[in-house]
Amino acid sequence: MGKTTSINLVGRDEFEVIMEVFARCTDDYMFLFDLDKDEYIISEQILDKFDLPGNHFFHAGAVLQNVIYPEDMPELAEDLDKLKSGKSEEHNLEYRWVDREGKIVWISCRGVVIQDSTQEQKTTILIGRITEIGSKRKADNVTGLFAERQLILDFEKFKKDGKYQNGVLLRIGVDNFKEINERYGMETGDAVLKMIAQCMELVRGENDRCYRLDGDEFVLLMEGKDTQKAREHYHTIRILIEEQRKAQGYQNFYTISAGVVGFSYEQTDFERLHSYSEFALSMAKKKGKNCSYVHTKEDYDAYLKSIKIQEKLRYAVNHGFHGFEVYYQPIVSAETGEIVGAEALLRFSSREYGMLSPGLFIPILEESGLIIPVGEWVYQTAMRQSMTWQKLLPGFRININLSFIQICKSDVVSGIMKSIDELGIDPSTVLFEFTESGMISYDDSVQRLLDVLNENQVKIALDDFGTGYSSLAYLQNLRVNLLKLDRGFTSKAVVNDFNYNLIGYIVDMAHTIGMKVCFEGIETEEELEKLKKLEPDYIQGFYFGRPVDRDSFYHGHLEKFE
Ligand code: C2E
Ligand code: MG
Ligand code: MG
């Protein structure tokens, strides 16, 4: 230990002036703590944030207790004792204060002990500075947890220390946090974050550390643990949150989702771990929120593939829709077996992936919003094609699928009506199909679309009826012209009496309220014969023809009308 510096310090008043000058040059708070007289002087700015009686006061030990986080008091007291007794002459601690709003603020306090001979009696004083660590983003002032910056540092340190080879990262996100802020206010939002932080702190083990990331996300870094342990922790945190909410009288409601990533230090750098955990949390939210998801390589690779496909789709959209193609599948009259029209079904192919199934790329188009331009291209292409075929088969009807993204996030109805006008197609030969799940939660944009289409004689079908939350009650309100029964439903009816009878009732009911019915997915003669007895109006299925490109459709189904 070096010899304690002894100086003739300027008077306290002059010291205060010097401190204020320094304070203007730094975000830190300068302080002087006379350990013998229990006297404390600190930069005046501190009063903006912390509840102290002034910038110069006595009985410092007692006064400071009002701002120091109680749990950190013993550690601080021990350090000050060492300074007073001369066992140590440097102070360097990171601990917590509580600000005027009750928020926890991590601070770093550093100082040096000097002997002041200016006073009649020599006194021991500590001179130094206090820094808010949070302002350097190593800690978070709302929750009192460390911030992402510290997570990176810790991860690198643990990796270097080599105490454990493996670990697991649990990333927690609040579901619909924006809504909580909007509905209950920012204060409640902060309280929610604090509550989660507390619950995480309660469950964490000795080797675990909690962090708050930006926004509504948290991380629990667990050394030497596996994914099972992380999931257990997640469930315990959920239970604790529920208990806390109950204790607080159910003032708010929220759920949390979690992404879990097991890792080995050797094979993982922080950036990768970060991306994996981001992905894992997004998967949990995609799965419906309020649940956890454990990262797997297969899902992550599929996700990377979907990003690549999205790039290809975007490129195609910006290059004349090259790679997209509309296929057509015949729809026949159930009574005569004659073709009455077709459903337009989108295809996409690329050199790398060949032809992709719509089940794969339509969700990507929807997520990226690309379904808006692509959907427009589909209805224009299909209507134009249909007009050509109407010359061979008057009244030929074209069924076109619409996604709810098109309806809710664009003014699709104006686009449709404009195209119908410009092309000059008879609107009553155009039909738009919607899926049931989106319909049920219909809002203003859906209602407007239905109204405008109805007013203009454009037809509407409810697609894949029977796969979702079939509620017959709302059908009439929607004023839908056609019900399409999904293959999942129709194929069961062939082997199951209950389903068979149920479909029979649905057909009768639909007819009673003036709707037509189309059975989808009829593949065999046996299916056809049995289901025809239920008297649907139309049938669509591989039995009558698979979806094929324009030329094949013409040769297969329309050439005979030339
Ligand atoms: P969807 O509208 O219900 O179309 C019928 C789907 O059933 C088509 O699948 C069709 O190939 C298939 N299918 C028809 N008959 C049979 C059969 O007998 N057996 C079996 N197993 N399947 C049959 P596809 O072409 O793969 O399309 C899947 C879904 O993708 C469509 O279901 C539709 O929801 C969506 N989709 C296709 N094109 C578009 C589009 O242009 N826009 C939008 N928004 N969605 C589209
Ligand atoms: Mg359809
Ligand atoms: Mg369908």
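Structure above, values below:
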{"quantity": "For the range 287-293, 3J(HN,Hα) per residue [Karplus equation, 6.51 cos²θ - 1.76 cosθ + 1.60, θ = phi - 60°, Hz, x = Gly/Pro]", "calculated": "5, x, 6, 6, 8, 10, 9"}
{"quantity": "Contour excess over end-to-end distance, with Cα ends at E179 and N166 and 0.36 nm allotted per residue", "calculated": "1.0 nm"}
{"quantity": "Extension gain, I152 back to F58 (0.36 nm per residue minus Cα-Cα distance, nm)", "calculated": "29.8 nm"}
{"quantity": "Selection of GluC sites (Glu not before Pro), the range 144-240, meeting DSSP coil and at most 11 other Cβ within 10 Å", "calculated": "E206"}
{"quantity": "Spatial separation of Cα centroids for the range 298-336 and the range 11-26, in angstrom", "calculated": "69 Å"}
{"quantity": "Difference of contour (0.36 nm per residue) and Cα-Cα distance, Q447 to E562", "calculated": "37.3 nm"}
{"quantity": "Nearest-20 debye value, the range 308-349 charge dipole, Cβ charges on Lys, Arg, Asp, Glu", "calculated": "440 debye"}
{"quantity": "Sequence of H295, H235, H91 when ordered by accessible area, the most exposed leading, probe 1.4 angstrom", "calculated": "H235, H295, H91"}
{"quantity": "The range 5-136: translational diffusion in µm²/s, Stokes-Einstein, Kirkwood Rh over Cα pairs, 37 °C, 0.692 mPa s", "calculated": "218 µm²/s"}
{"quantity": "Estimated 222 nm signal from helices in the chain, with DSSP H stretches of n ≥ 4 weighted -39500 (n - 2.57), rounded to 500", "calculated": "-13000 deg cm²/dmol"}
{"quantity": "Phi to ³J(HN,Hα) by Karplus 6.51 cos²θ - 1.76 cosθ + 1.60 over the range 354-370, Hz, x for Gly, Pro", "calculated": "x, 7, 9, 7, x, x, 8, 8, 5, x, 5, 4, 5, 4, 8, x, 5"}
{"quantity": "S357/Y69 FRET efficiency (R0 56 Å; Cβ-Cβ; nearest 0.05)", "calculated": "0.45"}
{"quantity": "Helix axis angle, 297-318 relative to the chain longest principal axis, alpha carbon, degrees", "calculated": "60 degrees"}
{"quantity": "Interchain or long-range residues, amide H under 5 Å from L145's placed H", "calculated": "D140"}
{"quantity": "Among 32-39, 190-197, the order from most to least packed when residues are scored by Cβ within 10 Å on average", "calculated": "190-197, 32-39"}
{"quantity": "Residues E271 and M417, FRET efficiency given R0 of 41 Å [Cβ-Cβ distance, rounded to 0.05]", "calculated": "0.25"}
{"quantity": "R0 of 51 Å, Cβ-Cβ distance K286-S88: FRET efficiency to nearest 0.05", "calculated": "0.40"}
{"quantity": "Above-threshold pairs, the threshold being 23 Å between Cα atoms, out of K49/K194; K286/K492; K157/K287; K49/K157; K163/K194", "calculated": "K286/K492; K157/K287; K49/K157; K163/K194"}
{"quantity": "Global form of the range 162-313, assessed from the alpha-carbon gyration tensor, a/c cut-off 1.5", "calculated": "oblate"}
{"quantity": "The chain: antiparallel DSSP beta bridges as a percent of all, rounded to 5", "calculated": "70 percent"}
{"quantity": "Tensor-based shape of the range 305-557 (alpha-carbon gyration tensor, a/c under 1.5 rounded, otherwise prolate or oblate)", "calculated": "rounded"}
{"quantity": "Mean shadow area of the chain over all directions, Cα convex hull, nm²", "calculated": "35.7 nm²"}
{"quantity": "Cross-link table K160/K289; K305/K459; K159/K229, entries beyond 28 Å C-alpha to C-alpha", "calculated": "K160/K289; K305/K459"}
{"quantity": "Accessible area in the full protein assembly, largest first, 1.4 Å probe, for C210, C291", "calculated": "C291, C210"}
{"quantity": "Protection-proxy order for peptides 358-370, 253-265, 46-58, each taking the mean of Cβ atoms within 10 Å per residue, highest first", "calculated": "253-265, 358-370, 46-58"}
{"quantity": "Computed magnitude of the charge dipole of the range 146-295 (debye, nearest 20; Cβ of K, R +1, Cβ of D, E -1)", "calculated": "320 debye"}
{"quantity": "Relative contact order computed over the chain (Cα-Cα under 8 Å; 6+ residues apart), in percent", "calculated": "8 percent"}
{"quantity": "Positive-end extreme of charge dipole, the chain - chosen from G128, V168, L47 (charges on Cβ)", "calculated": "V168"}
{"quantity": "For the range 297-338: rounded, prolate or oblate by the Cα gyration tensor [a/c cutoff 1.5]", "calculated": "oblate"}
{"quantity": "Exposure ranking of E271, E298, E278 by accessible area [1.4 Å probe, largest first]", "calculated": "E271, E298, E278"}
{"quantity": "Rounded to whole Hz, the Karplus (6.51, -1.76, 1.60) HN-Hα couplings of the range 251-267, x for glycine and proline", "calculated": "6, 8, 9, 7, 10, 10, 10, 9, x, 10, 10, x, 8, 10, 4, 4, 9"}
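The values are calculated or read from the model by the stated rules, or taken from the named source; none is laboratory data. Computed from a prediction, not measured in an experiment: that's the story for all the values here. Because the Cβ atoms are built from the backbone with ideal geometry, glycine has one as well, and the counts that use them run over all protein chains shown. These area figures cover heavy atoms from the full protein model, side chains too; ligands, DNA and RNA do not enter into them. Shrake-Rupley method; radii C 1.70, N 1.55, O 1.52, S 1.80 Å.
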